[in-house]
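*Asks:* Here it is: the structure, laid out below.
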Amino acid sequence: MAEPGEAIQTHGWLIACDDQARIIRRHSANLADIFPHWSEPFVGARLRDLLGSEESHRLRNLLSRFAAPARPALVSGCRFPNVEGAFDAAVHFNGEEMVLELEPSDGHSGLSALDRAAALIDRIEELGDPNELGQRAAMLAGAALDAEQTFFLMLEPESVRVAGTYRRLGAPPSAPESLNAFWPGRRLHALGDIDAPEIAIVSEPDMLPLDTGMTALRAPPDPLRQWLRDSGFRSAAFLPVASDGLRLAMIAGLGRQPRFPSLGLRAALELFAEALALRLRLVLPAHHEAWAPDAPTEPLSVLVVEDQQMVATQLAAALGEAGAKVVRICGTVNSALEALDETFDAALLDYSLGGENVIPVARELEARGKPFVFASGHGDDLDLPLAFAGKPIVGKPYKIEKIVAALRAAKEGKA
């Protein structure tokens, strides 16, 4: 097996450029399969010459919007000069490089990744028990992937605990004794063909290996492949879920033949995993002894008032990683007012909630002496009522370090 970062899976193609998305610095060795007409070396070529000016411009625009977040921007239906068919693409920064991953287009799907994720998240919102969540999560992920069998597992140092299973066909194989060697990081790891040879990465001389940890096409670790072989699977998906210091995972056995879930479906499942992690944070305290006796306590607890579900989910996940804990998410003024009896250190208030503003919540928080911070797409230009002039405002798109700093400052100012 190649060293990490030197190979990818076989069902896609990878191009890495300089940080301005101009010059190709490395690529997967199979790139000529897409561009058979290209006679010059790919390394050193201009990305615009390879992809055409329209698609190159489109991808560079996306790069400017999605340079900071770890999750790549997705583009459907890319078409390139002199190339048959369409491709779905993921574009993101990986260190100092722009990384572009291509796969055959998922043109049959009418749902965006956000639509798919929202449909899944709606099915777990009412659950308040971790074992129910585990079972439901296994069923939803398995159904979304059309998997034969799915495990939802909690990782422990030398073993795993099965928290939920889903089975479409046959009896499930035994769970692996330890998943620590399989842990893929934050992103879903979709392995389409465990017996396929890996595709090497061709690089400029003297470059460090490409960090493929955040890519969709990264090569799988040997322990996972061996367990899949022993269980009779040719393809699988491994979805990591981290919550309050816990490491949980779903392993979905997709089938006895190679299968490659689309980029859009994988993105939807990653968003679902973030929502699931948040939901577990909300229901785990009563089950901490059973689920996570050593889970650390969080010093900053936050009430989030945000009407866009996916924004709230990603924000809550980022707050958790930054050392805060979201006690509740509210999408309307009424639900926020009802949540003010919760115990929290500070509240983050999105100023615009659909057709209303959040000022009634701010007034009630002020009356109760509870600290809060406004959030708005207008940033510092938000026109607050005179009574709240000088209150802290964080702008969108969110920068998590600024949010945490503002919330901590608000808490300390009210202490």
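*Asks:* Rounded if a/c is under 1.5, else prolate if a/b is larger than b/c, else oblate: which is region 298-370, with a ≥ b ≥ c the root eigenvalues of its Cα gyration tensor?
*Replies:* Oblate is the answer for region 298-370, as a/c is 1.5 or above yet b/c matches or exceeds a/b.
*Asks:* Amide H of ASP19: which non-local residues (sequence gap of 5 or more, or other chain) have their own amide H closer than 5 Å, using H built in the peptide plane?
*Replies:* MET98
*Asks:* I'd like the accessible area for GLU270: 1.4 Å probe, protein heavy atoms, all chains in place, Å² to the nearest 10.
*Replies:* Near enough 20 Å² of accessible area.
*Asks:* Follow-up. Which cross-chain or sequence-distant (5 or more) residues have an amide H under 5 Å from the amide H of ALA190, H modelled 1.01 Å from N in plane?
*Replies:* Residues meeting the criterion, in which the H sits 1.01 Å from N, are PHE238.
*Asks:* So, one more: Considering amide H positions built from the backbone, and no H for Pro or chain starts, which residues 5 or more places from GLY12, or on another chain, come under 5 Å of its amide H?
*Replies:* Those qualifying (amide H under 5 Å, at least 5 residues apart or on another chain) number zero.
*Asks:* With a sphere of radius 15 Å drawn around the Cβ of ILE24, what net charge do the other residues whose Cβ falls strictly inside it have (Lys, Arg +1; Asp, Glu -1)?
*Replies:* Spelling it out: positives minus negatives among the neighbours equals -3.
*Asks:* With Cβ to Cβ distances under 14 Å as the rule, what net charge do the other residues near HIS37 carry (K, R +1; D, E -1)?
*Replies:* That sum, taken over residues with Cβ under 14 Å, equals -4.
*Asks:* With a 10 Å radius around each residue's Cβ, average the other Cβ atoms per peptide and rank 114-124, 350-360, highest first.
*Replies:* Ranked from most to least packed, the peptides come out as 114-124, 350-360.
*Asks:* Whenever you get a sec, compute what percent of the accessible area on region 332-415 sits on carbon and sulfur atoms (1.4 Å probe).
*Replies:* 49
The values are calculated or read from the model by the stated rules, or taken from the named source; none is laboratory data. Keep in mind the model is a prediction, meaning the values are calculated, not measured. No Cβ is skipped: glycine too gets one built from the backbone with ideal geometry, and neighbour counts run over all protein chains shown. Side chains included, ligands, DNA and RNA excluded: accessible areas come from the protein's heavy atoms. Shrake-Rupley method; radii C 1.70, N 1.55, O 1.52, S 1.80 Å.
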